[in-house]
Amino acid sequence: MVLFLMIACNDDSDKQSAASDKKTDIPEALQKLIIKQSQYPDSMGLRLQLIDAYDSIGDYQIALGQMDSLLLKDSLNYGLWYRKALLQENAKDTTGALKSYKYAIRVYPSPDALLAAANLLAEQKNPLSLDLCRQVAKLRMGREYAAHCFFISGVYYARIGDNKNALLSFNRCIYNDMYYMEAYMEKGFIYFDSKKMTEAVQVFQSVITLKNTYPDGYYWLAKCDEVLNNRIDAIANYQKAITLNPKLIEAGEALKRLSPK
């Protein structure tokens, strides 16, 4: 019995120690926010701040739990469903995000929710993405939204292998917003995968000309240089890419491969 109690005490001590260690891992600002929210449990503003804080540190399970508690009280709140969908996207839960966007759209079919859902569906090769883009286009919200609609349509066509319509859509996107970097990159990917290196180089060169701090532009230009056996240019562009974004692991690996032994 005494032995059992000693073990139990040790277990409790270990649990308390682990809890203490876990607590110290929480940023001080978040700890203060938790305390403040507990003092005002009915404050939606504080709860949303807390959700954003958990989102920022990647603790999506707690963030989503907090969001669900808000939705239990206000299930017809468009903003809550939309924010839950964004959280689920961050958590890589595409199925859950689409479901939440669907609920948000039922409450209020905003162009932002429609396009967010369309973007996910386009990546899944779902033609419903085109229908949602057309729905937004009919609203005539201006060139910014037109660019988004054409970009998402282009993504859908690119994913199903319809390069002709994909390029046409990306060009229309760029016509509405010449600084839409993602559209240029998608065009470049199509040319690169089709082994049309001259066209790919032109596209990625346009990217770094329009935005000389865009690391992916340099990285893919370097990949083209490597295919074309332009080793010196490839090394220079890989170096520029990794300088702008040290997290580009592939650029670092390419430099190791290309640099003189």
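One table, with the values for the structure above:
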{"quantity": "Max mean-square fluctuation residue, GNM over the chain, Cα-Cα springs under 10 Å, options 39, 239, 205", "calculated": "39"}
{"quantity": "DSSP H segments from the chain that extend 15 Å or more along their own axis, Cα-based, with Kyte-Doolittle mean of -0.5 or above", "calculated": "2-25, 28-39, 44-56, 60-73, 94-107, 111-123, 143-159, 163-176, 181-193, 197-210, 231-244"}
{"quantity": "Added length on full extension, which subtracts the Cα-Cα distance from 0.36 nm per residue, residue 247 to residue 68", "calculated": "61.1 nm"}
{"quantity": "For region 194-261, radius of gyration divided by Kirkwood radius, i.e. Rg to Rh on alpha-carbons", "calculated": "0.96"}
{"quantity": "For the chain, alpha-carbon Rg over 2.2 N^0.38 Å", "calculated": "1.34"}
{"quantity": "Residue 250 accessible area, 1.4 Å probe, all protein chains in place, Å² to nearest 10", "calculated": "100"}
{"quantity": "Where only C-alpha atoms are counted, convex hull volume of region 150-222 per residue in Å³", "calculated": "74"}
{"quantity": "Spin-label model distance (nm) - residue 162 vs residue 38, 7 Å beyond Cα toward Cβ", "calculated": "5.6"}
{"quantity": "With every protein chain in place, the chain: carbon and sulfur % of accessible area (1.4 Å)", "calculated": "54"}
{"quantity": "For the chain, built as a Gaussian network whose Cα springs stay under 10 Å, the top-fluctuating residue of 90, 119, 229", "calculated": "229"}
{"quantity": "Cross-link pairs beyond the 19 Å C-alpha cut-off, checked among 125/195; 102/187; 138/164; 125/187; 211/240; 125/164", "calculated": "125/195; 102/187; 138/164"}
{"quantity": "Kirkwood hydrodynamic radius of region 83-144, from inverse mean 1/r over distinct Cα pairs, in Å", "calculated": "11.7"}
{"quantity": "Computed [θ] at 222 nm, helices only, for the chain once each DSSP H run of length n ≥ 4 contributes -39500 (n - 2.57)", "calculated": "-25500 deg cm²/dmol"}
{"quantity": "Per principal axis, descending, Cα span of region 152-194 in whole Å", "calculated": "24, 18, 12"}
{"quantity": "Segment residue 256-residue 30, extension gain: residue separation times 0.36 nm, minus the distance between their alpha carbons", "calculated": "77.3 nm"}
{"quantity": "nm² value of the averaged projected area, convex hull over the Cα atoms of region 104-215", "calculated": "7.2"}
{"quantity": "Accessible area per residue, Å², the chain with all protein chains present, probe 1.4 Å", "calculated": "60"}
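The values are calculated or read from the model by the stated rules, or taken from the named source; none is laboratory data. Just so it is clear, the structure is predicted and the values come from calculations on it, not from any experiment. For neighbour counting, all protein chains shown are included, and Cβ atoms are generated from backbone atoms with ideal geometry for every residue, glycine included. What goes into the accessible areas is simple: the full protein's heavy atoms, side chains included, and nothing from ligands, DNA or RNA. Shrake-Rupley method; radii C 1.70, N 1.55, O 1.52, S 1.80 Å.
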